[in-house]
Structure formats: structure tokens, C-alpha cells
């Protein structure tokens, strides 16, 4: 087959296909989302969006126990959610091969923190591979399944944002014919009651010794060079940055297997070079291992713990080339702060919350942008599903009067992910909190993936749709109401009434995302200069189509989609809809 240009995520999906994978279960999370979306093109693979990463991992584990090669995909914070089954799956081992693809996000392009997932490999004692480009994404995915079945262990495949989303030429092959393995009842292996787990732990430690021996011999870890004085130890995208910058001025110990690390190979490489740099983004994972072996390496004292590395950074640290011109890739683009889209259904909700001066516990999604000016509504954002529990804690700490000036906001997909249990906690522990579900009919932040509230599967097939009203009532919320957030008066009335109640309540702010294909706003809005009093109430919406020119509010018709929210908030009826 001819090589194809692929992003890393698509190459991982292709690798799963060529490896004979039968089941893929994930929850969307940038920068990992496109792996599972790319799997959809392979009809022989069952794939699904699960309600959250823990469930996705459990589905993949079940498929593996059932004899199929399986995969689950997540971003770094999603790995936190699936950690419970991952650690136990390390004890049970596998039947069919099991790969956990995790994409870290150095630089926090779309994440609430920076996190180095290599620590999970070490802690769970599961091997981890780290590709540097798309071709390696495909090859390492296939290698991961061989490792998984050879060593009876789940295998991590670690990507970073640049590897996941960059394109490179990728060599394709026909899919392997991998038969479904027999399933044999084996409680001693798969039932992790303490007596069985104690015996399986012995197997895990034996496996670790075998993996350490394998790390020394595998071609995944290779020395590249011709006897330079400088040696560089690196993995993944850091290898490409270092190679681009240093070329043949350095030799490279390129690690494709980042846990367990090849200790003898590290010693031999260090001994062969006058100066050895460890170049790795985020934590000093390889460096710590090297120092524990007594090796004199240069690591984080020359490089930052923070964000992404660049070629210029490596050049300055290794070659002391302070005055060298920055390559084109290091030229900074103009700052373009993220904003909610024109027509975003969440804007009306945050406008009301800001107007009422409420404390707002936020969550993870597009609506996190409600924290930015001019809406400036959100007080806290911790992690997926946290808004409800955080608000309950604040209310319990500060009392019922504070609770009546407090709301939680959470998206429909995020509510399914991990908000339901928080709502149950409010009911069970006699909270009086108000929760607002921002129901935009899709998983918006990661690019419009379906979820259990949309009534469609990942392949667009019709399925049962979760009824949020019935669900809330089933867990004990008696006060449930649905409001259109663009009906600003109705939204304000609903919020005032619910926060004043002496019992828990739920508001479903329901309007679809403006970017969905079936959402067809028409025309655009304009400001009547004769009627406008320049009060600038409309500017409080933070809509990108609204701007001020020569001291007056105007609407940029190239950005306005005619949603009409500004028409609803203008106190002097100076904004009108036209062109319908």
C-alpha cells in the first residue's frame, strides 16, 4: 500500500485496525478524541462513546477478558477517571490484548492542568510505549498488542498533543487475521478478591522483571548517532525537536518504551559520551531514573518543567546559542483569546447569572469560558462533574443563606459523565442547592460527539435517549424546570425562584449548540442608531459579533448568525432582526 499522510490519532486507529482489534470504547477528550472518531471508518470494529472514561475502560477490559483485542482512549485527566479499573487490570492481566491510549497535553491547549501519564505506567506496573510521529503511532500500536499478549498485561500508548495532531507519512498494511481467543472461566485470574489478588501480585512483580529485561533488548529503544561528544536521551516528540535542532552534533538514545526504562542501556550510553542531556517535556521521569543509577546527566536544571519544548529552547540549552535567530515555528502568532461562539446557547445563562450576582461553581466544557470577561460569572472549575459537589461543600460550609446565592452549572454530557452522583449527594445529604444543566444537545467542547442524551450512537444510529427531567426526579429532585436560555426574562425568573427555594432544584437550560448542522438561524441583527442610547447592555453578552466603533455599538454581520439574544436583552428595543 502507498504511504498516507495521517495525524497521529488516525494512525493509532489504523494501527488498531491492522492489529485485529474488535472493540474500542472511549470518552472524548482533546487531544485524544480523533482516535476513536477515526475507528468509525472501520466497520469490523465495534466502537462506542461511553458515559465516562472509567466505564469505557471497563468495557475494553471486558472485551479483552472475552478474548478480543480491545482499546480504550482518553486524555491525561481522563486517565485519572479510569485509574481504578486500570490498576486492577494490571493484576488480572488480559486474554485478548488490551491497549490504553492516553494523550497528554503539555502547554494545556485544552486542559485544566498539565499531567505526566508516565507515572501511571510506573505506578500500575504496566508497560508504556511512546511514539514520536504518525508512522510510529501505527507501528507502536501494533507492537503494543503483541506486548500485551506476550506479557499478560495492559499496555499504555502515550501520545502528546503535537504527536496526536501533527501529520506525517504513514506506512499501511493489510489487517491481521487475529482470531477471537477462547474464553475459559478462571476466577483465580479475573476475580480480584484479596486471596486471588495476593497471588496475582506475585505474577505482576515477576512480569516486571521480564519487562525490564525486554526493555534492554527491544528495538523500540535504539541508539542513533556516530560517536558525537554530546548524548541526548529522549522520547516521543522531544526526540524530533532535539534531532531537528542538534542534527549530527549529538547522538541519541531514543526511547520508544518509556516504562520500564532500560537501565543498562542508559548506563552504557552515558559512559560513551562526555555530556548527556535528558530532554523530556513535563516531569523529570527519565532523568530521575538516570540519577538513581548514579549517572551525571543534565536535565531540568537546563529545561523547564512547564509547557511544551521548542527547537529554540533546546538550541539555547544545549548549544548556548542565545543570539541565534528563532526558526519560523517559534514566531509567536497574535494573541487570540477563546470566546463562546456567536449564537452560543450558554451566553444567555451566564448573562443572567452575572446580572444576579450569584456565586457560580463551574465545570469542564465550552461553558468554562463563562469565567472570562465580560460575562465573568464562574467562580470555580475543578474537574469533570465537580461543580455539583463543590457547590454542596461550599453551601455546607457557609450555611443555607449562602446556598441561596449559589448555583452549579454543568453541561449535559458532563452531567452524564460524572454529575449524576453529585446530584444524588445533594438530595441524600439534604442540600438545597440549585443545579443548572447547560443542555446544548451535544458534547460541544471536543467537537460535537454524541452522548447518552442525544439519542444517537457514535455511528449515528438511533438509540434510547436519557430523559434528564425524569432522571432528576428519579433521584429525588422535585423542582425541575426546562427553560430556553435565550428567553432572558424567563431564565432570570427561573433562577430567582429556584435559588430561593428551601429544597434542591434543577434548571435545564435547553437550546442546541449554534454550530450543529441542523441549527439554522437566519438573517442577522442590526443596531438602529436612532433608537440606541449607547447604554451598552448588549456588550455585556460578550458576543464576538458585537463591537464598538467610533464610540457606538455596531454588529459585525460577517459574524452575526441572527440568534437574536441581543434583541432580547436590549432595554430600548434598539436592536432588530433583519434579512430573514
Tell me whether segment 487-499 contains one or more residues that are over 23 Å from residue 448 (Cβ atoms), at pLDDT 95 or above, in contact with a helix residue (DSSP H, G or I) (Cβ under 8 Å, 6 or more places away or on another chain) and part of a loop (DSSP other than H, G, I, E, B). yes
Residue 170 vs (1) on the phi > 0 side of the Ramachandran plot; (2) touching a helix residue (DSSP H, G or I) at 6+ places or on another chain (Cβ under 7 Å): all pass except (1)
Are any residues in segment 193-239 part of a helix (DSSP H, G or I), over 15 Å from residue 151 (Cβ atoms) and under 32 Å from the mean Cα position of the chain (by Cα), and if so, which ones? 197, 201, 237, 238, 239
The lone exception for residue 320 - which of (1) at pLDDT below 90; (2) at negative phi it fails: (2)
Residue 131 farther than 30 Å from residue 67 by Cβ and buried (at least 20 other Cβ atoms within 10 Å of the Cβ): no
Single condition residue 467 does not satisfy, out of (1) under 30 Å from the mean Cα position of the chain (by Cα); (2) touching a residue at least 40 places away in the same chain (Cβ under 8 Å): (2)
So which residues in segment 285-301 are farther than 20 Å from residue 212 by Cβ and either within 27 Å of the chain's Cα centre (by Cα) or outside the structural domain of residue 249 (by TED's automatic domain parsing) (or both), if there are any at all? 300
Residues of segment 353-374 being assigned to a loop (DSSP other than H, G, I, E, B), touching a helix residue (DSSP H, G or I) at 6+ places or on another chain (Cβ under 8 Å) and more than 19 Å from residue 543 (Cβ to Cβ), in sequence order, are 358, 362, 363, 364
Considering segment 407-434 alone, what residues qualify as being buried (at least 21 other Cβ atoms within 10 Å of the Cβ) and either under 18 Å from residue 51 (Cβ atoms) or modelled with pLDDT under 95 (or both)? 410, 411, 412, 413, 414, 415, 416, 417, 418, 419, 422, 423
Against the definition (assigned to a loop (DSSP other than H, G, I, E, B) and within 32 Å of the chain's Cα centre (by Cα)), how does residue 169 come out, yes or no? no
Taking the stated definitions as given, is residue 512 within 37 Å of the chain's Cα centre (by Cα) and under 20 Å from residue 485 (Cα atoms)? yes
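The values are calculated or read from the model by the stated rules, or taken from the named source; none is laboratory data. Keep in mind that this is a model prediction, so the values were computed, not measured. Every residue, glycine as well, gets a Cβ built from its backbone with ideal geometry; the counts of neighbours run over all protein chains shown.
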